[in-house]
Structure formats: C-alpha cells, structure tokens
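Reviewing the structure listed below.
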Amino acid sequence: MALRLGTDHAERVGRLVLASVSFDDAGLHPGLLDGIQDLQPEHLHGSEFHEEYLRTAPDPAGWANLVTKMKVLDANLPRWTPEQIRELAAPTMIVLADVDIVQPEHAVHMFRLLGGGVPGEQCDDQQLSP
C-alpha cells in the first residue's frame, strides 16, 4: 500500500518505509507462489497466521474469506516499472528480513533505482542486469 501511495499520490507522502516489497514478480523467490491457488483455509488451521487471526479478528468466522481474498491478491500482484521506482519523490527506507519473500538482490536493485543512498544520483536500469 505504501508503494502505491508513493507512486500514485506523491504529494501526500513525506517519507516511505517499504518492508518486504517487490516492484515486480521477479523480486520474489522463484516458486514462492506456486500452488497458491490450491490453498484451502483448512491447510492453515493451527498455523501462527490462523492463531493470530483467531486472536485478533473482530469476526473469527471470516478466516475462509480472508484466505480467498489473499489468493486473489497473490494471483494479481501489483507491478511497477523501474521508471516509476526512480520517480519516487519521498525519501524511502527499504526493509528486508533475513528470511523474506523478496530476494535480497531485488531490494538492492530497488535501492539503486532510488539513487543508491546518494541524493540526486540514480542508476540506469540497464546497469543492473544480472
């Protein structure tokens, strides 16, 4: 949501913190979403996700609906172009964990598109080819 806000409504954003964000499918680990459409709510019963949902949701009976919505979201992930990332006006922090859904190389690519930590300098996407 933060990245969408930063690209679509830059005038409303002073700073961005992007945690575990990829701007296209190539940023995710290969195979990460394979089989996601076969996921059923009961597959996650007893998981930390399910337990947290039951603990915090205003309507614990909505678990199946949430899983269905997540499958739709995962099948239609938003995408941005390198140019859109370069054009982000707000100072941006990229956060990535040691075990994350986003590949570290993608986070570095995004960092470089944003100027690589040097204000006013942005990279050429062609220089970042693997």
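The set of residues in the stretch 79-107 that are hydroxyl-bearing (Ser, Thr, Tyr) and buried (at least 17 other Cβ atoms within 10 Å of the Cβ) contains only THR92.
Counting only helices (runs of 4 or more DSSP H) that fall entirely inside the stretch 1-78 and contain at least 2 residues that are assigned by the TED database to the domain that holds THR92, hydrophobic (A, V, I, L, M, F, W, C) and surrounded by 12 or more Cβ atoms within 10 Å (Cβ to Cβ), the qualifying elements are 2-8.
Which of the residues that make up the stretch 27-62 are in contact with a helix residue (DSSP H, G or I) (Cβ under 7 Å, 6 or more places away or on another chain) and either farther than 13 Å from ILE101 by Cβ or of a type in the set (S, T, N, Q) (or both)?
Scanning the stretch 27-62 gives GLN37, LEU39, PRO41, LEU44, HIS50, TYR53, LEU54, PRO60.
What do you reckon, is ALA64 among the aliphatic types (A, V, I, L, M) and out of contact with any Leu (no Cβ under 7 Å at 6 or more places or on another chain)? In short, yes. Of all residues in the stretch 39-59, those that are within 17 Å of LYS71 (Cα to Cα) have Cβ atoms under 9 Å from Cβ atoms of residues that are open to solvent by less than 60 Å² (accessible area, probe 1.4 Å) and acidic (Asp, Glu), 6 or more apart or on another chain, in LEU39/ASP74.
The values are calculated or read from the model by the stated rules, or taken from the named source; none is laboratory data. Keep in mind the model is a prediction, meaning the values are calculated, not measured. Cβ coordinates were reconstructed from backbone atoms using ideal geometry, including for glycine residues, and neighbour counts include every protein chain displayed. What goes into the accessible areas is simple: the full protein's heavy atoms, side chains included, and nothing from ligands, DNA or RNA. Shrake-Rupley method; radii C 1.70, N 1.55, O 1.52, S 1.80 Å.
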